[in-house]
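Below is one structure, written out as structure tokens, with a few remarks after it.
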Amino acid sequence: MVGLVATIVVIALGTLTVIAAHRLLAAAPQPVFVLPLASGRVPVQHALSRYHARWYAASVVFLAFDVEMLFMYPWAVVVADLGAGAVVEMFVFLGVLLAAVAWAKREGAFRWA
């Protein structure tokens, strides 16, 4: 019974919020709300046109190392309890990561110019 009442209340509040938003907004967008939020200046170029494609490869390599650290910190806490098997598993994981870095180097992800 409580779940049914909560569901009805959530649906009612959501519907009221959408209706209030549509009624409070002006029919035509105002120029202030169309401009970029940070500076208010009119953009002179598209936001994605400034980034070269090689930055995407570099960000993927960064994420690979970031995820590696995400797995290594908890591993370092419990490695003494788990024993040699955990060490072998971590070296297998690092080997896979090293293979990915070698592939990225071969593809030119680390070439900046």
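No lab work stands behind these numbers, since they all come straight from the coordinates. None of the values given here were measured: they were computed from a predicted structure. With ideal geometry, Cβ positions are generated from the backbone for all residues, glycine too; neighbour counts draw on all protein chains shown.
A few remarks follow.
- Summing +1 for each Lys or Arg and -1 for each Asp or Glu among the other residues whose beta-carbon sits under 14 angstrom from that of Ala76 gives -3.
- Spin-label pair Ala57/Ala100, simplified geometry with 7 Å Cα→Cβ offset, distance in nm: 1.7 nm
- Calculated from backbone phi, Karplus (6.51, -1.76, 1.60) coupling profile of region 57-62 in Hz, x at Gly/Pro: 5, 5, 5, 5, 5, 4
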